[in-house]
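The values are calculated or read from the model by the stated rules, or taken from the named source; none is laboratory data. Values in this document were obtained by computation on a predicted structure and should not be read as measured data. We place every Cβ from the backbone using ideal geometry, glycine too, and count neighbours over all the protein chains shown.
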Amino acid sequence: MKEHNKTLGEFIIENQAAFKYSSGELSRIINSIRLAAKVVSYKVSKAGLVDIIGAAGAQNIQGEDQQKLDVYANEVFIQTLINREIVCGIASEENDEFITVEGSDKSHNNKYVVLIDPLDGSSNIDVNVSVGTIFSVFRRITPIGTPVTLEDFLQPGINQVAAGYVIYGTSTMLVYTTGCGVNGFTLNPAIGTFYLSHPNMQFPKDGNIYSTNEGNYAYFPQGVKDYIKYCQVEEDERPYTSRYIGSLVADIHRNMIKGGVYIYSTITTAPKGKLRLLYECNPIAFIAEQAGGKASDSFNRIMEIIPTELHERAPFFCGSYNMVEKVEDFMLKAKLSKY
Ligand code: AHG
Ligand code: MN
Ligand code: MN
């Protein structure tokens, strides 16, 4: 069978032995995410239609279909992981507190926690633009058999054993890493099967795309302003272009394929940045590094930050290695020139 015909299910089985922990639990977590992704993908593809159906059947007051998609996606991912009894805890961007998961026998014998942004880019749902799901998996720190605690979730990104994203775009793709490179699988919706379509994904070392919300320009730190001006200077040698979707997953996915840098820096109105360290920055940073890219908070490696709270935010500079280094140079220069 040709490499690109391999299904995600086959890939997981073949690679289980290469996983750091090969008890099969991690494979089962990826399998659950695969299932939940298919359910959410189906729902996302009907996003506009649901309202039409709802309006036609006025007496339908169950509310299920009217549920906002980010709440729906949150429930699907959490319930799928809980039902399969494969994790000991879940933290979600949508929930204030982490969830302790116990087995049907009330045990706490599973060893992994999952952190999730169930629907990333949710402001794009209503306008038919790509959204995503981001996930991150850690081995618990507390002893197996006891309920999870906050410290199981507040681990630096370098401890991740797996991370990935689903992009619900023109096609639905699941892209993930277990620390041995990055592989992308495309869903054939007709038969509900993911196929390995993008083996060993790599960020080009350089690129010509910068992705940031330039509406925030006036609030950017000087280093980001300087970098943007550097990209905009008219020179044949420097053909930069700007692309910004406003769904982190979609912006990163495009940049990984084409070469580019994603920037969500601190802004004066959001002094810690906007993106969430645990649900967005860490998993995307793991993917980026595994694909030969780089992820920084301006001055430090994202994955070395020790989190202090679940919903902590961080400035995020991520993408093609040389481009992230270049922005870091501008940030440093601007910082030094202040003194
Ligand atoms: P979420 O929908 O999970 O809250 O995430 C939105 C994030 C991210 O996906 C995106 O890159 C960024 O917010 C966009 O922010 P701006 O609208 O401020 O540009
Ligand atoms: Mn998000
Ligand atoms: Mn979200």
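Quick rundown of the values:
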quantity: Of all residues in segment 89-125 being away from ligand 2 (no atom under 16 Å from the Cβ) and of a type in the set (Ser, Thr, Tyr), the one that is nearest to residue 137 (Cα to Cα); calculated: 112
quantity: Residue match in segment 148-156 (condition: in the same structural domain as residue 32 (by TED's automatic domain parsing), within 16 Å of ligand 3 (Cβ to nearest atom) and surrounded by 20 or more Cβ atoms within 10 Å (Cβ to Cβ)); calculated: no
quantity: Residue under evaluation residue 226, criteria (1) within 26 Å of the chain's Cα centre (by Cα); (2) more than 26 Å from residue 168 (Cβ to Cβ); (3) crowded, with 17+ Cβ neighbours inside 10 Å, criterion not met; calculated: (1)
quantity: Any hit, segment 175-184, residues being within 16 Å of ligand 1 (Cβ to nearest atom), small (Gly, Ala, Ser), closer than 30 Å to residue 10 by Cβ and part of a strand (DSSP E or B); calculated: no
quantity: From 327, 261, 249, residue being of a type in the set (Val, Ile, Thr), under 15 Å from the mean Cα position of the chain (by Cα) and at pLDDT 95 or above; calculated: 249
quantity: Pair list, Cβ < 6 Å and 6+ apart or interchain, from segment 160-177 residues that are within 18 Å of residue 45 (Cβ to Cβ) to residues that are at pLDDT below 95; calculated: 168/44
quantity: Hits in segment 127-138 - residues which are more than 10 Å from ligand 2 (Cβ to nearest atom) and touching a residue at least 60 places away in the same chain (Cβ under 8 Å); calculated: 128, 129, 130, 135, 136, 137
quantity: Those residues of segment 249-277 which are free of Cβ contacts under 8 Å to residues at least 40 places away in the same chain and within 8 Å of ligand 1 (Cβ to nearest atom), in sequence order; calculated: 274
quantity: Residue 99 being in the same structural domain as residue 134 (by TED's automatic domain parsing), among the aliphatic types (A, V, I, L, M), at pLDDT below 95 and more than 29 Å from residue 198 (Cβ to Cβ); calculated: no
